[in-house]
Amino acid sequence: MGFFLETLISGLMTGMLYALVALGFVLIFKASSVFNFAQGVMVLFAALAMARLAEWIPQWTGIESKVLANVLAFIGAALLMFLVAWLVERLALRHLVNQSETTLLMATLGIAYFLEGVGQTVFGGDIYKIDIGMPKDPIFVLKGLFDGGLLVDPEDLVAACIAAALVALLALFFQKTTTGRALRAVADDHQAAQSVGIPLSRIWVIVWCVAGVAALVAGMVWGSKLGVQFSLSTLALRALPVVILGGLTSVPGAIVGGLIIGASEKLSEVFLGPFVGGGIEIWFAYVLALVFLLFRPQGLFGEKIIDRV
Amino acid sequence: MNQVASQTIAVGADPAGAEGQNWSRKIGEVILEARNISLRFGGVRALTDISFDVREHEIRSIIGPNGAGKSSMLNCINGVYTPTEGSITFRGKTFSHMNSRQVAEMGVARTFQNLALFKGMSVLDNIMSGRNLKIKSNLFLQALRIGPAEREEIRHREFVEHIIDFLEIQAHRKTPVGQLPYGLQKRVDLGRALAMEPQVLLLDEPMAGMNVEEKQDMSRFILDVNDEFGTTIVLIEHDMGVVMDISDRVVVLDYGKKIGDGAPDEVRANEDVIRAYLGAGH
Amino acid sequence: MFYRENGQFKTSYRADQQIFAIAQDRVAVLALIAFAFAVVPFVASEYLFAAILIPFVIMSLAALGLNILVGYCGQISLGGAAFMAVGAYGAYNFVMRMPGIPLVLAMLLGGVCAAAFGVVFGLPSLRIKGLYLAVATLAAQFFADWLFLRIKWFTLDSASGAVAVSGLSILGIPLESSPAKYLFCLTVLAVLGLASKNLVRGAIGREWMAIRDMDVAAAVIGIRPMYAKLTAFAVSSFILGVAGVLWGFFYLGSWEPAAFSLDISLKLLFMIIIGGLGSIMGSMFGAAFIIILPIVLTRVLPWFASLLHVQITTTAATHAEFIIFGMLIVWFLIVEPHGLARLWSTGKQKMRLWPFPH
């Protein structure tokens, strides 16, 4: 029982981390109906930027404090993501306004290739470290109930809290600020939003900036855990079932979806995997999401797709 | 239309109908009946307890102010919506819900208010798609396209060409439908419905957005279809002149309820109908 | 001036419905086919076969298969390579477990396996649409990845899932040389291409396009969405499966599951978007573009760098390729979202009028 709970908790926390990546997808889709296949590469790009800047800033400015260097690196990486957002809107999105979903998806794939190339050229292709002082030693909880207590990875715990904080911030942003309201209007109906004077291109830049910051936070957390390397970009593929399970347009959906997928992935790998040869995590998540979709084709919290004749 | 075509094509048509003039057709028994149809979307009551019948070979119009539920009624007959209560009877068989394909197989075709044409295909292909119910050859034969598959394709092409002649859109047959002006698209919509050789044709505002000439053309097509093939027509239309001119009987809906039913002149004099259109103040 | 259809009157529906209705088109295509079959095998170099011609022919077939599902029937699929894998491993199993089985039969059976796999993973399309379906199709991709890596039965207990074939022959003629392989693949492409064209311009093709354009209206005229979608998945997967057999047997020779990864699926999608959705010819244009582009880049970049007197390492060159590839994709989508096929037909329109401007 203890082992089951450990696996469950570990899965739930990994799920929160997936949710971090999934948030980026949902934000962009909500506001521009673009499925950003480049989100994974954005996570890698942002993480690379932060890792390298954290190395270079002390070299350029002689700053000794690691905390300060990290903070500056974070800010620098965020600014870089803002630049990427602006460029993407200016050079690509603006010219693809009324194209089909598939065309936009392919365009984001093109952006993904581009960012990967640029990232590796500017920042290098090796494995880099992000060290933001996350606790590494495992801690044991509930020692009273279970013999020896349950093993919990504190890094995951901190990451999960960061994710929750980010989601809360975003929820506040969407509900309480005028820009947030404008974003929701654009997500609902592009043309109607334009007709009341909401500047579409500015909104898109803002959304991609926010998604970029979400990618940066995700990259920072995952990079601290796994090291900054190419496999970070394929992380997005693990987060996709979360997005479709939760609904392409729902921020809370990304969280709930993340928890479900994270838990099921871990549990299935540990308890089902040995019977069928192992390594089933990745397709299990997809198949699970697929089964959910059969009952709710728009995801758990997504908007119903209405066909009018 | 030439007589040869009407004899080879007409399915379920009343032979006596071909002999008659516009106004002295033989109108047959009840072919379609809606009983106590109610339709609700969440809190919105689109239709409340609607009952009416349609006789074979007649032209039945459904009229009413905007939002009265006319299209919803057609959607119920057609299987696009499932009524919350009530049933539809077609040729003696009663259904509480139908699916669109069953309805199509039973010989009911329709056009759409907002044109549900297949924008990526040509006019010819759009109308040919209406023949799909009748095409029998399977996948493998079609892939080879020799012998029976080819002959069947050509047979259906001939039929569709008659429809294209009838609707006078020959010049546009290879044009992608999305590039045609609205009036012509409406004809293609009608053509696709006709390609199904329907016994009952549901027309949802076929003359919306047309000028006087186009309306005359469309009225002529509708009357010809009714005349030559004996097709029963259920028509939603806003233009009172057209409705009064060509209909045999009229149903009037308002806010999802039936407020009038009968011959055009009766309905025109009906107090409730007048009030619905002009507003309660008058 | 030369391309006009003046004087070409069709006096039967059969003539009107030919695949190439314009006489000049017919002549050009027949000449091209003759050239491809009769001339190329003798003049092309070994390098040309290995690097361009054989991959082009096989990938054209694969792109054609995917185009039927995505371009004609409108169901976005990100799992194309999975069906290729099922075809390849399927045919491999038939060849290994039934020695003496004719190559063509094994290939067709591989296709049938892929078709069955396609129908199963196509069932969700009856409920799920659009981008949700696109992501769901990744389930097929990752499942296939796992299946051939972990379930040893499929790879005859090979440790890494790697398999190899050799000694391929048809009717006693060995298919070892490049021209022989090329001709075999080209024949398969020609046969399946013709069959696809027939399907697509027939009743089932219209059903597929109706589902793509507006599936609610399609149901109202009597089209069964389930039949249309599942046949699209079946036919598309069959063709992809056969292409997978060709890819594994004739291009790679030996392969492991990673040879049919998500990367290939995405490349296939690129091919049909750039080539043109809903166009048989477009599939081939797209395949040519995606195959030739990296080769051009690997040639051009070092030359360009040497012009600027800059030394460029291979890794840097790879990165630069990514950058340029990405930019080209986006640029192309902006300039011609309907693909090369649309550019081609626009070009033909202009040819009709030449030398007049309009």
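A few remarks follow.
- Filter pass, C:Ile58 being buried (at least 24 other Cβ atoms within 10 Å of the Cβ) and either within 14 Å of chain A (Cβ to nearest Cβ) or touching a helix residue (DSSP H, G or I) at 6+ places or on another chain (Cβ under 9 Å) (or both): yes
- Every residue from the stretch B:190-206 that is away from chain C (no Cβ under 14 Å) and surrounded by fewer than 23 Cβ atoms within 10 Å (Cβ to Cβ): B:Glu205
- No other residue among A:Val186, A:Val256 is crowded, with 22+ Cβ neighbours inside 10 Å and in a helix (DSSP H, G or I) apart from A:Val186.
- Filtered by the rule that a residue be under 18 Å from C:Asn198 (Cβ atoms) and either in a loop (DSSP other than H, G, I, E, B) or of a type outside the set (A, V, I, L, M, F, W, C) (or both), the stretch C:13-24 gives C:Tyr13, C:Arg14, C:Asp16, C:Gln17, C:Gln18, C:Ile19, C:Phe20, C:Ala21.
- Enumeration of residues in the stretch C:319-358 that are crowded, with 17+ Cβ neighbours inside 10 Å and more than 20 Å from A:Thr102 (Cβ to Cβ): C:His319, C:Ala320, C:Glu321, C:Phe322, C:Ile323, C:Ile324
- Among the residues of the stretch A:85-110, those that are charged (D, E, K, R) and either exposed (fewer than 15 other Cβ atoms within 10 Å of the Cβ) or within 8 Å of another protein chain (Cβ to nearest Cβ) (or both) comprise A:Arg90, A:Arg94, A:Glu101.
- Residue check for C:Tyr47: under 15 Å from C:Tyr251 (Cα atoms), without any contact (Cβ under 8 Å) to a residue 60 or more places away in the chain and hydroxyl-bearing (Ser, Thr, Tyr): yes
- Flag not set for B:Glu237, criterion: touching a residue at least 40 places away in the same chain (Cβ under 8 Å), of a type in the set (D, E, K, R) and touching a His at 6+ places or on another chain (Cβ under 7 Å).
- Some residue of the stretch C:72-84 being in a helix (DSSP H, G or I), within 14 Å of chain A (Cβ to nearest Cβ), in contact with a helix residue (DSSP H, G or I) (Cβ under 6 Å, 6 or more places away or on another chain) and closer than 17 Å to C:Ile151 by Cβ: yes
- Failed criterion for C:Lys229 (all others in (1) within 13 Å of chain B (Cβ to nearest Cβ); (2) within 21 Å of B:Asp125 (Cα to Cα) hold): (1)
- Of all residues in the stretch B:90-112, those that are more than 8 Å from chain C (Cβ to nearest Cβ) and either of a type in the set (Asp, Glu) or under 21 Å from B:Gln179 (Cβ atoms) (or both) total 1.
- Matching residues in the stretch B:139-159 - criterion: being facing chain C (nearest Cβ under 8 Å) and among the charged types (D, E, K, R): B:Arg145, B:Glu150, B:Glu153, B:Arg157, B:Glu158
- Taken over the stretch C:306-356, the criterion of being more than 27 Å from the chain's Cα centre (by Cα) and touching a residue at least 12 places away in the same chain (Cβ under 8 Å) is satisfied by C:Ala317, C:Met351, C:Arg352, C:Trp354, C:Pro355.
- Where a residue in the stretch A:115-129 is crowded, with 18+ Cβ neighbours inside 10 Å and its partner, wherever it lies, is at pLDDT 85 or above and among the small types (Gly, Ala, Ser), with Cβ under 8 Å and at least six apart: A:Leu115/A:Ala38; A:Leu115/C:Gly326; A:Glu116/C:Gly326; A:Gly117/C:Gly326; A:Gly119/A:Ala49; A:Phe123/A:Ala49; A:Phe123/A:Ala51; A:Tyr128/A:Ala51
- Failed condition for A:Lys304, given (1) under 15 Å from the mean Cα position of the chain (by Cα); (2) more than 8 Å from chain C (Cβ to nearest Cβ): (1)
- Qualifying residue in the stretch A:119-126 (condition: more than 9 Å from chain C (Cβ to nearest Cβ), under 26 Å from C:Leu328 (Cα atoms) and in a helix (DSSP H, G or I)): yes
- Test result for C:Leu192, in contact with a helix residue (DSSP H, G or I) (Cβ under 9 Å, 6 or more places away or on another chain) and either within 14 Å of chain B (Cβ to nearest Cβ) or of a type in the set (Val, Ile, Thr) (or both): yes
- Considering residues of the stretch A:190-238 that are in contact with a strand residue (DSSP E or B) (Cβ under 9 Å, 6 or more places away or on another chain), of a type outside the set (Val, Ile, Thr) and at pLDDT below 85 only, the residue surrounded by the most Cβ atoms within 10 Å (Cβ to Cβ): A:Gly223
- Single match in B:Ala149, B:Ala116, B:Ala104, B:Ala109 (criterion: within 30 Å of B:Ser72 (Cβ to Cβ), in a helix (DSSP H, G or I) and touching a residue at least 12 places away in the same chain (Cβ under 8 Å)): B:Ala104
- The listed residue being closer than 27 Å to B:Ile37 by Cα and modelled with pLDDT of 85 or more, out of B:Met98, B:Met128, B:Met106: B:Met106
- Residue within the stretch A:289-305 that is under 28 Å from C:Gly161 (Cβ atoms), buried (at least 22 other Cβ atoms within 10 Å of the Cβ) and of a type outside the set (A, V, I, L, M) present: no
- Enumeration of residues in the stretch C:229-249 that are more than 20 Å from C:Ser283 (Cα to Cα) and either without any contact (Cβ under 8 Å) to a residue 40 or more places away in the chain or surrounded by fewer than 22 Cβ atoms within 10 Å (Cβ to Cβ) (or both): C:Leu230
- Residue within the stretch B:123-133 that is in a loop (DSSP other than H, G, I, E, B), surrounded by fewer than 18 Cβ atoms within 10 Å (Cβ to Cβ) and touching a Gly at 6+ places or on another chain (Cβ under 8 Å) present: no
- Scanning the stretch C:162-185 for residues that are in contact with a Phe, Trp or Tyr (Cβ under 9 Å, 6 or more places away or on another chain) and of a type outside the set (Ser, Thr, Tyr) gives C:Ala162, C:Val163, C:Ala164, C:Val165, C:Leu168, C:Ile170, C:Leu175, C:Pro179, C:Lys181, C:Leu183, C:Phe184, C:Cys185.
- Selection status of C:Pro302, of a type outside the set (D, E, K, R) and within 11 Å of chain A (Cβ to nearest Cβ): no
The values are calculated or read from the model by the stated rules, or taken from the named source; none is laboratory data. If you're wondering where the values come from, they're calculated on a predicted model, not measured in any experiment. Don't worry about glycine lacking a Cβ; one is built from the backbone with ideal geometry, like all the others, and counts go over all protein chains shown.
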